Amino acid sequence: MTENSAELRDAAPLVALRGVNKHYGALHVLQDIDLEIAQGEVVVLIGPSGSGKSTLCRTINRLETIDSGSIEVDGKPLPAEGRELAKLRAQVGMVFQSFNLFSHKTVLENVVLAQVKVGKVAKAEAESTARELLERVGVGAQADKYPSQLSGGQQQRVAIARALAMNPKVMLFDEPTSALDPEMVNEVLEVMRSLAARGMTMVVVTHEMGFARSAANRVLFMADGRIVEENTPDAFFTAPRTDRAKDFLSKILQH
Ligand SMILES: Nc1ncnc2c1ncn2[C@@H]1O[C@H](COP(=O)(O)OP(=O)(O)OP(=O)(O)O)[C@@H](O)[C@H]1O
Ligand SMILES: [Mg+2]
């Protein structure tokens, strides 16, 4: 990584959250979140269970609504509904812990579908994009199989290819490797590393501290619905400033 976050952030942010608040009933799950993410920046989001990491991710492609504040992607406020919302979802790719592939469609069809339906891309072109992307994530040979015939790591790489097929401006990853057997974690992290190296803007919720150290420009530490600490990975891991972060790191770095 040649650029640091400060350099990347000189330009207008690609994603901007300003004064974002969200409640689930009495629970104030996102509290005054201010966050700007630059084009090409890789932000790793960590923090204890229930701190609001998934909720924060999900607000960025409007899988969750917010109560107050604003969210912009590429200078435009998130659309509320309809075609504009579908377009936004294409621009903001999301990869979940569970791979969420369509089980009754082949791997190839999974990567073709949204391109044709949402992107209005011709089928032949969509298929050629799909094959290229499947090749890129290392599952080109699996194109005609069904998801259940693939390993978890392969399925997750298909899910990444499917999001990439929409040519997203930013990719959100919510614990993409935590449902995988240990020997499959690295093959998925490798794909994510290569995406980062190609300049993809990424928000990644993960407990993989090796990935955070090697691929992130910035680490955000969340607790109780707030971003309580943010720093470069080196600074964060060697010298966390808050007791919450110190306590969290001592727990996860123990095993
Ligand atoms: N749909 C919902 N309705 C009510 N409460 C919810 C809902 N989704 C999440 N919550 C609550 O909001 C809080 C934040 O949840 P969130 O899933 O964002 O946390 P997280 O940081 O991603 O945790 P984890 O590390 O366990 O995935 C939790 O207390 C959770 O129980
Ligand atoms: Mg979560």
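Tally the DSSP beta bridges in the chain and give the antiparallel ones as a percent, rounded to 5.
On the way: 19 of 36 bridges.
Here the share of antiparallel DSSP bridges comes out near 55 percent.
Students often check this: by mean Cβ neighbours within 10 Å, which of 114-120, 81-87 ranks highest, and how do the rest follow?
Values: 114-120: 15.1, 81-87: 11.3.
Ranked from most to least packed, the peptides come out as 114-120, 81-87.
Quick check: the distance between the Cα centres of region 180-255 and region 122-162, to the nearest angstrom?
Measuring centre to centre over Cα atoms gives 27 Å.
So what's region 175-255 giving for Cα Rg divided by 2.2 N^0.38 Å, two decimals?
Normalised Rg, Cα atoms only: 1.12.
Using a 1.4 Å probe over the heavy atoms of the protein chains, calculate the carbon and sulfur portion of the accessible area of region 39-123 as a whole percent.
On the way: 2050 of 4020 Å².
Of all accessible area on region 39-123, carbon and sulfur atoms account for 51 percent.
Going by average Cβ density within 10 Å per residue, which order do the peptides 97-104, 169-176 take, highest to lowest? Working shown, then result.
Values: 97-104: 15.0, 169-176: 22.8.
In decreasing order of mean packing, 97-104, 169-176 become 169-176, 97-104.
In whole Å and largest first, what semi-axes does the C-alpha gyration tensor of region 159-219 yield when each eigenvalue is scaled by 5 and square-rooted?
Values: eigenvalues 61, 41, 20 Å².
Whole-Å semi-axes of the equivalent ellipsoid: 17, 14, 10.
Want the number for residue 131 to residue 252: 0.36 nm per residue separation, take away the alpha-carbon distance, what's left?
Going from the current span to full extension adds 39.7 nm.
Would you check the accessible area of residue 67, probe 1.4 Å, heavy atoms only, in square angstrom rounded to 10?
Around 90 Å² of this residue is reachable by solvent.
If the label point is 7 Å along Cα→Cβ of residue 151, which residues in region 167-190 have backbone nitrogen under 16 Å from it?
Those under the cut-off are 177-190.
Please name which of 112, 142, 130 has its Cα lying farthest along the dipole of region 104-151 towards the positive end, using unit charges on Cβ (Lys, Arg +1; Asp, Glu -1) and the Cα centre as origin.
The one lying farthest along the dipole's positive direction is 112.
If you stretched the chain out fully between residue 84 and residue 72, how much longer would it get, using 0.36 nm times the residue separation minus the C-alpha to C-alpha distance? Walk me through the intermediate numbers first.
Numbers: separation 12, 0.36 × 12 = 4.32 nm, distance 1.34 nm.
Here the answer is 3.0 nm.
Please report, in debye to the nearest 20, how large the charge dipole of region 1-142 is about its Cα centre when each Lys and Arg carries +1 at its beta carbon and each Asp and Glu carries -1 there.
Working: 16 positive and 18 negative charges, 126 e Å.
I would put it at about 600 debye.
Treating the Cα atoms of region 73-138 as identical point scatterers in vacuum, please give the log10 of the normalised Debye intensity I(q)/I(0) at q = 0.15, 0.20, 0.28 Å⁻¹, two decimals.
Relative scattering, expressed as log10 I(q)/I(0), comes to -0.58, -0.95, -1.26.
The values are calculated or read from the model by the stated rules, or taken from the named source; none is laboratory data. Every value quoted in this text rests on a predicted model; they were computed, and no experiment measured them. Note that each Cβ is placed from the backbone with ideal geometry, even for glycine, and that neighbours are counted across all protein chains shown. Heads up: the accessible areas ignore ligands, DNA and RNA and are worked out on the full protein's heavy atoms, side chains in. Shrake-Rupley method; radii C 1.70, N 1.55, O 1.52, S 1.80 Å.
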